[in-house]
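As structure tokens, the structure follows; a few thoughts come after it.
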Amino acid sequence: MILFQVTSYIALGEKLIGDVALIVTAIGVLGVLLSLRQSYKERLRQFEAMYVQRYWKIMDQLSLDALKGSSSDELIESDNKAIRSYILLSDDELEMRKNGYIADSTYVLWADGIRSQLGQPMFAKIWKQIETEVRKHDPLPYIHLRRLLGPESVKDCDPLKASWWRHRLRGLSGSNSI
């Protein structure tokens, strides 16, 4: 009888140790996931900050007429170049979003800004020229940018197609975006 009780206590102790080990392992895995998510969020912030710097560098190159949004028949060459750079930047931002490097809230903010900017007369004029030029060489140029400028809402034309859990794990969703 005593031997049975001792054996029962040993078995109970081993089960308890196994349960504690399982809990510690689960806590460790959770810690690794949280650490991984934090590193993804840091990378997102770095990419987003880099794109913001590029945006302001381009905007600094525009003339006062272009910044005012005035409709001039003749664009000076530096404005043409800056607007084309802006369009390339916008397309690049959408491509980075497709690849999961731009957070949800940042995407919505930037997409609204791109729509607004490309609606200004000088920007719209250059955008039409670019569409005509590149369609001769590539039937699907600027596919994400063209979709963004279409009738769909910003969220409906999001180039990122990822599951809810992937958004959470990578830190794409939430209020900590730029």
* Does Ala82 satisfy being in a helix (DSSP H, G or I) and crowded, with 16+ Cβ neighbours inside 10 Å? -> yes
* **Arg115 at pLDDT 85 or above and under 12 Å from the mean Cα position of the chain (by Cα)** => no
* Structure fact -> The condition of being in a loop (DSSP other than H, G, I, E, B), open to solvent by less than 30 Å² (accessible area, probe 1.4 Å) and not small (Gly, Ala, Ser) holds, among Leu172, Leu145, Leu94, Leu89, only for Leu172
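The values are calculated or read from the model by the stated rules, or taken from the named source; none is laboratory data. All figures in this text were calculated on a predicted structure; none of them were measured in a lab. Reconstructed Cβ throughout: ideal geometry from the backbone, glycine too, with neighbour counts over all protein chains shown. Note: accessible area is taken over every heavy atom of the protein model, side chains too, but ligands, DNA and RNA are not part of it. Shrake-Rupley method; radii C 1.70, N 1.55, O 1.52, S 1.80 Å.
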